[in-house]
Amino acid sequence: MVAQRKIIDQVSGWLTVYDDGFVDRTWTGPPQFKFMSDPVPPHHHFIDGVATQDVLINAKSGLRVRVYLPEAPKTGKLPILIHFHGGGFCISQADWFMYYNIYTRIARESGAIVVSTYLRLAPEHRLPAAVDDGYSTLLWLRDVANDKTYDSWLSNKGDFNRVFLIGDSSGGNIVHQVAKRAAVENLYPVRLAGAIPIHPGFVRSVRSKSELEKPQSPMLTLDMLDKFLKMGLPKGSTKDHPITCPMEETVNGLDLPPYLLCVAEDDLVIDTEMEFYEGMKKDGKKIELLVSDGVGHSFYLNKIAIDMDQNTSHQTRKMIQAITNFVISH
């Protein structure tokens, strides 16, 4: 008689873990939200001013990226945004609709090529696997810039002197980690022009005031925060690990690029994000702050809220404009 596998953990409709190690990422929450996690196939022709393609950048590891190319004038090179998706290091993919919906807008409005990494996921691949993938993407871009490898869109259109790191939620954590690694690496001819952590998952083992008082949302609950990080961090680690708690580290001696830190007023983790902001300023780093009023964690990824709520739509436009201005000015 074959023993049935048993559920040992579930996370807010996003993920189910079984006793044999199998991880099921089929959405089991309210069905009206399912479309946001549906994959969007790449299209090499322009749709609403943006074309997309998936590129295998490391045949040995299987690491892939999704590239967004805006329909831009034939003259002049385009800045490059390397994007790291969120999902608490445990869920989501670069081709999910929620990212496609917003990063086509960012590519179109900022006039930048977006390179979004298909990050390895925990618990099968615990940290620092996702950070390693993010950094490998940057090194691949250096190979493209050095003509060691060729990508038709980036080789012909990309401005390797204006490369930015951008990431949502746990992807914001990866932005900071990759920026720190890059500070001690010779990336020539690639120049890191800026870093844009959006609602990074900066936390401590002890609950912050905002975690206790701010409203939970479909994009971030305390259950997700606790369980995803327990599955994602190296075994034996707590939330005070440097990847999730960079507030404890000084970056005084690192040559970091300018930062645009995006936070949301009603985010569960805004207190620790602001602690990071103050720490960066104390260490003399260039960091700008964008606060989105009256919205929560990763609000701009929720298309239903963008379509139904006037403030969510307004704050999304405001954030995209701030990102565009940051890219143009650097």
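The values are calculated or read from the model by the stated rules, or taken from the named source; none is laboratory data. Nothing here was measured: the structure is a model prediction, and the numbers come from that model. Don't worry about glycine lacking a Cβ; one is built from the backbone with ideal geometry, like all the others, and counts go over all protein chains shown. For the accessible areas, the whole protein counts, side chains as well, though only heavy atoms, and no ligand, DNA or RNA atoms are used. Shrake-Rupley method; radii C 1.70, N 1.55, O 1.52, S 1.80 Å.
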Filter pass, PHE164 being of a type in the set (Phe, Trp, Tyr) and open to solvent by less than 20 Å² (accessible area, probe 1.4 Å): yes
Residue that is nearest to ASN58 (Cα to Cα), among those in segment 136-175 that are in contact with a Pro (Cβ under 9 Å, 6 or more places away or on another chain) and of a type in the set (Ser, Thr, Tyr): SER170
What number of residues in segment 36-74 are part of a strand (DSSP E or B) and not charged (D, E, K, R)? 16
Criterion first (within 19 Å of HIS199 (Cβ to Cβ), out of contact with any Pro (no Cβ under 6 Å at 6 or more places or on another chain), open to solvent by 20 Å² or more (accessible area, probe 1.4 Å) and of a type in the set (S, T, N, Q)) does SER313 satisfy it? yes
How many residues does segment 245-304 hold that are more than 16 Å from the chain's Cα centre (by Cα) and in a helix (DSSP H, G or I)? 17
Taking the residues in segment 140-157 that are of a type outside the set (S, T, N, Q) and without any contact (Cβ under 8 Å) to a residue 40 or more places away in the chain as candidates, determine which candidate is surrounded by the most Cβ atoms within 10 Å (Cβ to Cβ). VAL144
Quick check on segment 53-64. Is at least one of its residues modelled with pLDDT of 95 or more, under 19 Å from the mean Cα position of the chain (by Cα), crowded, with 18+ Cβ neighbours inside 10 Å and among the polar types (S, T, N, Q)? no
Provide a single number: the residues in segment 241-283 that are free of Cβ contacts under 8 Å to residues at least 40 places away in the same chain and open to solvent by 60 Å² or more (accessible area, probe 1.4 Å). 9
What are the residues in segment 219-240 that are buried (at least 20 other Cβ atoms within 10 Å of the Cβ) and either in contact with a helix residue (DSSP H, G or I) (Cβ under 8 Å, 6 or more places away or on another chain) or assigned to a loop (DSSP other than H, G, I, E, B) (or both), if any? MET219, LEU225, PHE228, GLY232, LEU233, LYS239
Going by what's in this entry, would ASN173 be described as surrounded by fewer than 16 Cβ atoms within 10 Å (Cβ to Cβ) and within 26 Å of ALA107 (Cα to Cα)? no
Tally up the residues in segment 144-177 that are in contact with a Leu (Cβ under 6 Å, 6 or more places away or on another chain) and of a type in the set (A, V, I, L, M), please. 4
State all residues of segment 189-218 that are in contact (Cβ under 8 Å) with a residue 12 or more places away in the chain and either among the hydroxyl-bearing types (Ser, Thr, Tyr) or assigned to a helix (DSSP H, G or I) (or both); if no residue qualifies, say none. SER205, SER208, LYS209, SER210, GLU211, SER217
Can you tell me how many residues in segment 249-273 are within 26 Å of ARG191 (Cα to Cα) and of a type in the set (Ser, Thr, Tyr)? 2
Out of LEU141, LEU119, LEU127, which single residue is part of a helix (DSSP H, G or I) and out of contact with any Lys or Arg (no Cβ under 9 Å at 6 or more places or on another chain)? LEU141
Cβ contacts < 7 Å: first residue within 12 Å of ILE102 (Cβ to Cβ), restricted to segment 310-330; second residue in a helix (DSSP H, G or I) and open to solvent by 80 Å² or more (accessible area, probe 1.4 Å), any location; separation 6+ or different chain. Result? ILE320/GLU109
Return the only residue of VAL178, VAL190, VAL206 being aliphatic (A, V, I, L, M), open to solvent by 10 Å² or more (accessible area, probe 1.4 Å) and under 30 Å from ASP293 (Cβ atoms). VAL206
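Residue by residue, here is whether (1) farther than 26 Å from THR149 by Cα; (2) modelled with pLDDT of 95 or more; (3) surrounded by fewer than 20 Cβ atoms within 10 Å (Cβ to Cβ); (4) not polar (S, T, N, Q) holds:
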site: VAL40; (1), (2), (3), (4): yes, yes, yes, yes
site: PRO70; (1), (2), (3), (4): no, yes, no, yes
site: THR75; (1), (2), (3), (4): no, no, yes, no
site: LEU78; (1), (2), (3), (4): no, yes, no, yes
